[in-house]
1. Considering only protein heavy atoms, with the full assembly of protein chains and a 1.4 angstrom probe, order Thr14, Thr52 by accessible area, largest first.
2. For the stretch 58-68, take each phi angle, set θ = phi - 60°, evaluate the Karplus expression 6.51 cos²θ - 1.76 cosθ + 1.60, and give the result in whole Hz per residue in order, putting x for glycine and proline.
3. Enumerate the calculated ³J(HN,Hα) couplings along the stretch 35-43 in order (Karplus 6.51 cos²θ - 1.76 cosθ + 1.60, θ = phi - 60°), each rounded to whole Hz, writing x wherever the residue is Gly or Pro.
4. Please give the contour-minus-distance gain from Ser11 to Asn118: 0.36 nm per residue of separation, less the Cα-Cα distance, rounded to one decimal in nm.
5. Could you run the Karplus curve 6.51 cos²θ - 1.76 cosθ + 1.60 with θ = phi - 60° over the stretch 7-16 and give me ³J(HN,Hα) per residue in whole Hz, x for Gly and Pro?
6. At a temperature of 25 °C and a viscosity of 0.890 mPa s, determine how fast the stretch 1-52 diffuses translationally according to Stokes-Einstein, using the Kirkwood radius over alpha-carbon pairs as Rh; express D in µm²/s, rounded to the nearest whole number.
7. Could you compute how much accessible surface Ile51 exposes when probed at 1.4 Å, giving the result in Å² to the nearest 10?
8. Which lysines have a Cα lying under 30 Å from the Cα of Lys40, excluding residues fewer than 8 positions away in the same chain?
Amino acid sequence: MSVEERDDYSSSYTTVPATEYFADTTLDVVYRVSTQGGKKNWPGGPAAVKITYKAGYADCPADLQLAVIDLITYYMKDEHKARQTIAGASIQNNSSSSQRNNVAFPDHIKRVLDLYKNF
């Protein structure tokens, strides 16, 4: 992660040393601190602070792409509805799967999404 700041919109960014900020990953906050560890304010104004953070994947994994496509199809076809009636015929869909702590995704999609869960 790199952190840069500037005093006003017309000036250029300067790099903030790593000892002068703290990234709290539990709250997703970046605090500005002095070299002694005390509080310090970020400069104010538009685009005063620029944080560059690189994480994740260069390319989306193929199984995750397929799970997202399946999930979109699932919602586009209204398969998420518990009961559907088409031309007098009824279809009963389970609104949630058999897995514990499920958010009502189909099992085959939930399995793939759980592989990428970060908690």
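The values are calculated or read from the model by the stated rules, or taken from the named source; none is laboratory data. The structure displayed is predicted, hence computed values, not measured ones. Keep in mind that these areas ignore ligands, DNA and RNA; they rest on the heavy atoms of the full protein, side chains included. Shrake-Rupley method; radii C 1.70, N 1.55, O 1.52, S 1.80 Å.
1. Result of the area sort, largest leading: Thr14, Thr52.
2. Coupling constants for the stretch 58-68: 5, 10, 5, x, 4, 5, 6, 4, 5, 4, 5 Hz.
3. 5, 8, x, x, 5, 8, 8, 6, x
4. 34.7 nm
5. Computed from phi, the couplings for the stretch 7-16 are 7, 9, 4, 8, 8, 8, 6, 10, 6, 8 Hz.
6. 213
7. About 80 Å², rounded to the nearest 10.
8. Reachable lysines: Lys50, Lys54.
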